[in-house]
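What follows is one structure encoded as structure tokens, with my remarks underneath.
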Ligand code: HEM
């Protein structure tokens, strides 16, 4: 951890969560982490926050991925979860096999500087705004879960259409993630007009940003078309929410083709980034009639959060780090914190309570290499979710926030 935001609230008991962390762990934060910070408007560019680790992942692969298979990754388990409905949507492959396959070198001839331009802008953006990585990772997941990885989340609403981005759950998606995609798109339209899709830009940016935050490099391939539909009404039932039961969550992930193990690995994304106080304030102030605070929250951590979020109804921008032990670093400390009551969101804490997910939490907490490998495989699979490659299903947008015919 290096420079932390000036705006961060340093609380008197800030060392509490740190003291719970294993001081011998190489992943332990070298200095106490702040619990919460006021976050500027989600669409605005937040000021610098936890500095990302430039350390490359041990799993980082300098090689581009071989030609992508439209089949699910062999590392992924297509096994239905016990929670899956008797008649779920296809578990085997969310990617129909008749479509043209994506390719790692898709832009080699048509836009040879594609990777270089992505790399340069991502590096610049993440260095200036270290919260970009977490933002892009969430934006990417929200894009892929709603009608596939097709850049539909990037579309702005207009007088005739309320786009995905304006659904309640997406209002907190951070502006920095959109900003980096738009900057890259502008540069690519100069270099090779009308060639690179916004969906591919979001995919490549997310891959690079995760590595910049210290996480594993996952293989991605390209050739996604941008979708032709973006409707806020498509969100319910396609994105998980904080108030769902574990059965509902596992069923939703199974419906997208993800096993329980892949779900837990993907939740490791909460090792970076923020959550607004309103997302967990019920655990602090309104847990039960006779017990306002969730007893499963680490008591000292809960006190710190209560102090930080006490005015959250007046100041809706207040946030806390998802992983208080090493907020800006992509590592396995999220999983190490969960059994200690440091899971911030209800869904985080549920991972250590449910017998289907707890063994995986324990495994990832004790083995970061395994977590990185499983996370990378699950992200590769996510990047292939319901991608559109047929020109009748999509196109290459001229700008990422509007359809070509708008
Ligand atoms: C049950 C499943 C999940 C639920 C209910 C959930 C919910 C949430 C919520 C409520 C926030 C806080 C948003 C805010 O207040 O700004 C958040 C943040 C985040 N989520 Fe999830 N999430 C889930 C799974 C995932 C997955 C699978 C990924 C990625 C693979 C992911 C990546 C992130 C990231 C990176 C952040 C931090 C965003 C930022 O700092 O701007 N989440 N999530």
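Equivalent-ellipsoid semi-axes for the stretch 257-379 (Cα gyration tensor, √(5λ), whole Å, largest first): 26, 15, 12. Which of the three applies to the stretch 346-406, rounded, prolate or oblate, going by the alpha-carbon gyration tensor with a ≥ b ≥ c and a/c under 1.5 meaning rounded? Since a/c reaches 1.5 and a/b is larger than b/c, the shape of the stretch 346-406 is classed as prolate.
Counting neighbouring beta carbons within 10 Å and listing from fewest to most, the residues 155, 260 come out as 260, 155. Under the criterion of Cα pairs below 8 Å and six or more residues apart, the relative contact order for the stretch 96-197 equals 33 percent. Across the stretch 280-392, the relative contact order, built from alpha-carbon pairs under 8 Å that are at least six residues apart, equals 18 percent.
If R0 is 25 Å, the Cβ-Cβ spacing of residue 241 and residue 367 corresponds to a FRET efficiency of close to 0.25. For residue 168 and residue 105, the FRET efficiency from 1/(1 + (r/R0)^6), where r spans their Cβ atoms and R0 equals 45 Å, is about 0.70. Placing R0 at 25 angstrom, the Cβ-Cβ distance between residue 291 and residue 340 gives a FRET efficiency of 0.80 after rounding to 0.05. Arranged from fewest to most other beta-carbon atoms within 10 Å of their beta carbon, 179, 374, 331 become 179, 374, 331.
Counting neighbouring Cβ atoms within 10 Å and putting the fewest first, the residues 182, 201, 117 line up as 182, 117, 201.
Measuring spread by the Cα atoms of the stretch 156-249 yields a radius of gyration and Dmax of 15.7, 48 Å.
Bear in mind that the values in this text are calculations on the coordinates, not laboratory data. From a predicted model like this one, the values you see are computed outputs, not experimental measurements. Positions of Cβ are generated from backbone atoms using ideal geometry, with glycine treated the same way; all protein chains shown enter the neighbour counts.
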